Every structure is written in C-alpha cells, then in structure tokens.
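The values are calculated or read from the model by the stated rules, or taken from the named source; none is laboratory data. As the structure is a prediction and not an experimental result, all values here were calculated from the model. Here the Cβ is made from the backbone with ideal geometry for all residues, glycine too, and neighbour counts use every protein chain on show. Side chains included, ligands, DNA and RNA excluded: accessible areas come from the protein's heavy atoms. Shrake-Rupley method; radii C 1.70, N 1.55, O 1.52, S 1.80 Å.
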Amino acid sequence: MKYYLLLFCFQLSVLNITSQNKKDAEIFVDLKQKPNEISPLLYGQFIEFLGRSIDGGIYDEKSVLSNEEGFRKDVLKSVQDLKTPLLRYPGGTVVKIYHWKDGIGAKESRPKRKNLIWGGIMDNHFGTAEFVKYCREIGAEPFLVVNMSTDSPNDASDWVEYCNGTGDTYWANLRRLHGYQEPFNVKYWGIGNEEYAEPDAGKHQNVNKYIEDSWHIIKLMKLQDPSIKITLVGNADDLEWSKKVVSEMHPVCDFLAVHFYSMPSDSKYSTLFQSVDSFNEKFDSIRTLLNTVPAKVQDFPVWYRFPPRSEPLKLAIDEWGIWDMQSNKGTGVYNLEYPYNWAQALAVGKFLNMFQRNADIIGLATWAQTVNVLAAIMTTEKGSYHQTVYTPLKAYRQYSQQNNLNIVVNTPASKDKMNLIDAAASISNDRKEVTLAVINLSENESVKTKISFGNLEKMELKNQIIYTAPSLDAINTLEKNIVTETKIKKNIPSKNGFEITLQSGSINFLTFEKIDKK
Ligand code: AHR
C-alpha cells in the first residue's frame with residue numbers, strides 16, 4: 001500500500017512527507033521515470049559594482065596579490081575552483097546608472113564616475129574587455145545586463161556590436177583598435193534589473209513601459225546579432241507583472257528572470273530553512289505561466305528581420321542567495337559583508353536541491369554575489385578565504401549528475417515543524433549513476449535514512465561524501481576553515497535499498513551505480 005502511495009506521488013516534482021512521530025527518514029527514487037536535464041547554467045555566479053565586490057575583490061590594481069591585469073590571483077584561483085559556467089555583470093541595481101562606454105579603451109582615459117546607487121567612485125578599469133577576459137580565465141560564459149534607465153536603446157545595440165560585431169563597422173572596429181581582433185561572442189544579455197523597484201533610479205516601474213522599451217531595445221540588439229539570448233525582468237512577488245511580460249514578449253525572450261533572496265525574519269535556524277522552503281510554491285505558478293506559451297514560436301513576421309525564440313521559454317533565477325538582515329556582524333556598504341555560518345551553507349544546499357528538483361523549468365541561475373558582498377569568497381589585504389557557503393556552491397557543481405530525478409522524501413520534523421531531511425536526486429546522461437544530495441538540517445540529531453529504488457533495481461552504493469562543521473553557528477575566517485570533507489568508499493551492492501545514518505548538520509552526496517541485470 002505504502003509503495004503505491006509513493007508511486008502516485010510522482011505526479012509532483014518532489015514530495016516531502018513529514019512524520020513528526022517518526023525518527024527515521026525514507027527516500028524513494030523511481031528509476032523508470034523520464035529525467036529532466038539540469039541546465040549546466042544553473043550553477044552561475046553574479047558580480048556587481050557594489051562595495052568591494054569587483055573593485056577591491058575580483059580586481060585590485062594596487063594589491064601585491066594581483067597579476068599584471070589587476071585580477072587578484074588568490075581570488076581568481078578560488079573562482080576558477082568554483083567552476084562556474086556563467087558570470088553575470090555589471091549589476092544588479094547599479095546597471096541603472098552604469099554606462100558601458102566608460103569601461104573601454106585605455107584605462108587611464110576612462111572616466112571616473114560616482115556610483116550613484118551604492119556609493120564610492122567607479123574608475124571603470126574593470127570594463128567589458130576585462131570582464132570577458134575574466135570569464136575566459138574561469139571558464140564561464142559572460143552574461144551582460146544592459147542599462148535601460150539612463151542609457152539609450154542605441155547604447156545597448158552598440159554594446160552588442162562592440163562585443164560581437166564581425167563586420168567593418170564603427171564599434172567592432174573600435175574593439176579591434178582596443179586590441180581585440182576576435183569578437184567576444186557574448187551570448188547572454190539581460191534587459192534591465194528589478195525594473196519594478198520603485199525606489200531605484202529606474203524609469204520602468206510600470207510593466208507596460210518596461211515592455212514597450214524592452215521591445216525597442218531587443219529589436220536593435222537582435223539586428224546586431226540575432227543569435228543572442230535575452231533575459232527579461234519578471235517579478236517573483238507580482239505574478240501579474242510576469243504574466244504580462246511573458247504574454248507580450250515571449251517571441252523574443254529566452255528567459256524570464258526572478259530574484260530569490262532568503263531574508264529570514266529572525267535568527268532562528270528553523271526560520272532560515274523555512275524561508276528557503278517558502279520559494280517552493282513559487283515554482284508551480286511560474287511553471288504554469290511558462291507553459292502558457294508555445295515551446296517554439298512559429299508565426300513571426302519576416303519584417304522583424306531576425307528569428308523568434310526557437311526553444312522553450314525558461315526561468316532565470318539571476319540573483320539568489322541569503323540576505324541576512326539579522327546579522328549584526330556586517331561591514332561595508334549596507335553591511336553586506338558578513339560571515340555566513342554553517343546553517344546558511346546548509347540553506348544554500350536546500351536552495352540547490354530545490355533548483356535541481358525544478359530543473360524542467362530553470363534555464364539559468366546566478367548566486368548573488370561572489371566576492372566580499374553577500375559573498376562566497378572574502379578578501380583582506382593579506383589574503384582571502386572561503387566562506388561556508390562556498391562549500392555547497394562548489395560541491396553541487398562537482399558531484400551532481402546532469403539530469404534530475406523526482407523523488408519522494410519521508411522526513412521526520414523538528415519540534416517547530418521543520419523538515420529535517422532535504423534531498424534531490426540526479427542521474428548521469430548514460431543513466432548508470434545516480435547521485436543523491438541529502439542534507440540533515442538538524443542541529444544535534446543524526447537521522448537514519450532508508451534509500452530505495454523502485455522496480456527492484458540492483459544498485460551499488462559507490463561512495464559517500466560528507467560535509468559538516470563543528471556547529472551550525474561555525475564560520476570560516478582567514479585563519480581557519482571549519483568545514484570538513486570526508487570521502488568514504490562504500491562499494492555496497494543491494495537490491496533491497498540502503499540504510500545510511502546522516503550526521504546532524506551535514507550535506508551528503510551519495511553516488512549509486514546501476515548493476516547490469518545479466
Ligand atoms: O545583490 C544586491 C542587490 O540585490 C542587487 O543589486 C539587486 O538586483 C538586488 O536587489
């Protein structure tokens with residue numbers, strides 16, 4: 001009976017069954033289902049001209065730790081190790097006042113400007129070419145966001161020509177004159193950022209105005225390079241805004257953006273974890289919305305002079321992370337430089353599990369941000385170190401397989417009704433290896449977990465990788481990394497499932513291999 005109930009539940013992308021009276025957990029994986037590809041771009045990063053995110057973080061001409069290009073070598077190595085596939089730049093809110101033309105050509109002639117959004121001075125030495133160079137160094141695709149507030153549609157079009165132009169034209173030639181013969185081939189472009197945000201120095205708080213101006217900008221950009229992929233601003237808290245953007249712009253838009261910041265209202269761990277869970281429900285309405293438009297646009301007037309969207313419209317979570325308003329330890333602009341503790345690293349794992357479980361609709365996601373500000377990597381004059389959140393950001397990229405499998409999780413709950421076990425499953429392209437990412441969110445209780453695969457598959461548990469820390473409060477510093485990684489070879493075959501004890505406060509990657517039925 002229980003087995004049939006579980007099978008029925010696969011209609012949903014994941015099912016969490018909470019049993020408050022039970023101490024053990026169960027995870028059920030049906031191997032007969034059709035997996036959904038996890039977009040490799042799901043593991044992207046974001047950098048912005050905000051405090052010491054770029055200037056003084058990624059880039060520091062004055063530091064003895066930087067190379068001749070001004071890139072901090074220690075930071076570059078850490079970002080390379082993250083293996084991020086996509087890097088979003090230059091903002092964020094700052095795009096509303098950022099002029100890309102200030103950031104090209106000889107560095108000494110670039111204008112210095114006040115950063116009207118976040119304060120400080122931008123010397124524009126880390127401009128378009130430096131950003132693209134950085135992306136090449138870390139192996140990421142560049143993702144540029146255009147200013148639709150204080151730049152013109154023509155400026156956006158010129159930026160595409162400067163980056164991607166191959167002909168004998170002004171902006172492409174200027175790029176060559178600046179030393180870059182080959183086009184940068186920037187494929188991913190965002191049109192504005194959080195344009196609905198009234199306090200920002202934008203001018204598109206009205207969705208109709210946003211749509212009208214985006215159309216104009218996209219036309220001019222696509223006439224420069226019809227192959228570029230466009231991300232438009234959606235709104236996770238205002239479905240009407242998102243609906244309007246999708247219904248009117250879907251022929252020329254590849255991704256609809258939303259921002260998911262967990263901002264817990266108090267400092268209890270359960271509040272933090274439940275605030276991540278609260279995003280779960282957003283996916284269903286967004287999925288319904290994305291399914292209202294055809295997978296491929298057929299009927300598109302030839303007079304646009306560029307082709308319409310040819311692949312399904314996907315979601316871009318182009319800013320996500322944990323914005324700790326409770327932290328009294330922050331420094332820098334808006335106190336955005338603060339330590340992330342191990343609980344917050346577990347919450348990042350929860351986010352990534354949720355993204356994998358919704359892989360069918362997510363085209364890309366970029367964690368906000370990368371260095372110093374809401375950061376995975378912190379710098380000081382003497383060196384840099386990884387925050388706790390660096391661990392899941394790196395590990396999910398490293399250990400997850402390429403396709404998501406829906407699962408059923410039967411989890412015990414804490415006294416304040418928080419699910420203790422959170423999980424996602426992924427399967428390799430050759431369908432031989434399955435990796436379960438399982439988090440035990442409990443502060444002090446280990447949880448015995450039964451893992452079974454449907455259809456009486458014989459599987460071998462190959463290995464378990466465990467990340468944990470001395471306590472959920474623990475943080476990393478320049479002097480000490482408190483996160484431990486343990487790799488255990490298991491090589492346990494079984495037809496009847498597996499029983500694993502998951503340590504309290506741990507992120508686990510369990511890799512199983514199918515054993516061929518001979
Ligand atoms: O990441 C910091 C800020 O958060 C970004 O500039 C903005 O887009 C968001 O509100």
- Task: Starting from region 370-389, keep only residues that are on the phi > 0 side of the Ramachandran plot, then list their pairs with residues that are in a strand (DSSP E or B) and of a type outside the set (A, V, I, L, M, F, W, C) whose Cβ atoms are within a distance under 8 Å, requiring at least 6 positions of separation or different chains.
- Result: N372/E337; N372/T379; L374/G321
- Out of the residues in region 414-446 that are in contact with a Gly (Cβ under 8 Å, 6 or more places away or on another chain) and among the hydrophobic types (A, V, I, L, M, F, W, C), state the one that is nearest to I38 (Cα to Cα). A437
- Item | Positions within region 132-154 being free of Cβ contacts under 8 Å to residues at least 60 places away in the same chain, touching a helix residue (DSSP H, G or I) at 6+ places or on another chain (Cβ under 8 Å) and assigned to a helix (DSSP H, G or I), in sequence order | V132
- So K244 fits all but one of (1) within 30 Å of G349 (Cβ to Cβ); (2) at pLDDT 95 or above; (3) in a helix (DSSP H, G or I); what number is the exception? (1)
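Take the residues in region 283-314 that are of a type in the set (K, R) and open to solvent by less than 50 Å² (accessible area, probe 1.4 Å), then tell me which one is farthest from I439 (Cα to Cα).
Keep residues of region 283-314 that are of a type in the set (K, R), which gives 287, 296, 305, 309, 314.
Filter once more, keeping what is open to solvent by less than 50 Å² (accessible area, probe 1.4 Å): 287, 309.
Numbers: R287: 26, R309: 38 Å.
This residue is R309.
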- Message: If G103 meets every condition in (1) open to solvent by less than 40 Å² (accessible area, probe 1.4 Å); (2) more than 16 Å from the ligand (Cβ to nearest atom); (3) touching a residue at least 40 places away in the same chain (Cβ under 8 Å) apart from one, which number is that one?
- Response: (3)
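Determine, yes or no, whether K329 is more than 16 Å from the ligand (Cβ to nearest atom) and either touching a residue at least 60 places away in the same chain (Cβ under 8 Å) or in a strand (DSSP E or B) (or both).
Values: more than 16 Å from the ligand (Cβ to nearest atom): yes; either touching a residue at least 60 places away in the same chain (Cβ under 8 Å) or in a strand (DSSP E or B) (or both): no.
So K329 fails the test.
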- So which of D200, D158, D151 is within 15 Å of the ligand (Cβ to nearest atom) and either at positive phi or among the acidic types (D, E) (or both)? D200
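For region 395-464, which strands (runs of 3 or more DSSP E) that fit wholly inside it have 1 or more residues that are in contact (Cβ under 8 Å) with a residue 60 or more places away in the chain, among the hydroxyl-bearing types (S, T, Y) and not assigned by TED's automatic domain parsing to the domain that holds F355? Steps first, answer last, please.
Working: elements: 403-405, 407-412, 421-427, 433-440, 447-453.
The qualifying strands (runs of 3 or more DSSP E) are 407-412, 421-427, 433-440, 447-453.
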